[in-house]
Amino acid sequence: MDKVMKLASQRAVVIFSLSSCYMTYSVKSLFNDLGVNAIVHELDQDPRGAEMEKALVKLLGRRPAVPAVFIGGRFIGSTDRVMSLHLGGNLVPLLREAGALWL
C-alpha cells in the first residue's frame, strides 16, 4: 500500500487504470482537455500492476479498483466523483490547489 501512495504523490494528478477501461478514458480525456499533465499507471501494462491493483483494492475497499484518481496525493474517487466535481465547478479549483493548473 505504501508503494501505491508513493506513486499517487508523484505528480499533482495520478490515475491508476487499465488500458482497456473506457471509464478511465473519459477521465483522461477530461484532464487532457483541461490541460492537466496527469501521470497514468496502466496496471495491465506494468510488471507491478497486479501488486498495485491488490494494494488499491485494500486501500479503497472496492473492486474494480480502477479508475482511481489521486489529486495532490489524496484519493478523489473514480469517474463518477471526478465528473461530479467537474460539473459542480469544484474540480478546477482542486486542480489549481494541487498545482496541476496554472491559470
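What follows is calculated from the coordinates using simple rules that are stated; it is not laboratory data. All values derive from a computational prediction rather than experimental measurement. Here the Cβ positions follow ideal geometry from the backbone for every residue, glycine too, while neighbour counts run over all protein chains shown.
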So which trypsin sites (Lys or Arg not before Pro) in segment 1-75 are both in a DSSP loop and have at most 16 other Cβ atoms within 10 Å of their Cβ? ARG48, ARG62
Counting Lys and Arg as +1 and Asp and Glu as -1 over every other residue whose Cβ sits under 11 Å from the Cβ of VAL14, the net charge comes to +3
Rule-of-thumb check for the chain: C-alpha Rg over 2.2 N^0.38 Å? 0.99
To the nearest 500 deg cm²/dmol, what mean residue ellipticity at 222 nm is calculated for the chain from DSSP H runs of n ≥ 4 alone, each contributing -39,500 (n - 2.57), summed and divided by the residues? -14000 deg cm²/dmol
Just to be sure I understand: with springs between alpha-carbon atoms less than 10 Å apart, which residue in ILE71, ILE39, ILE15 has the highest mean-square fluctuation in the Gaussian network model of the chain? ILE39
Of GLY73, GLY61, GLY49, the most mobile residue in a GNM of the chain (C-alpha springs, cutoff 10 Å) is GLY61
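Count the lysine pairs in the chain whose Cα atoms lie under 19 Å apart, taking only pairs 8 or more positions apart in sequence or on different chains.
Total qualifying Lys-Lys pairs in the chain comes to 4.
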With the 8 Å Cα cutoff and a minimum separation of six or more residues, the chain has a relative contact order in percent of 34
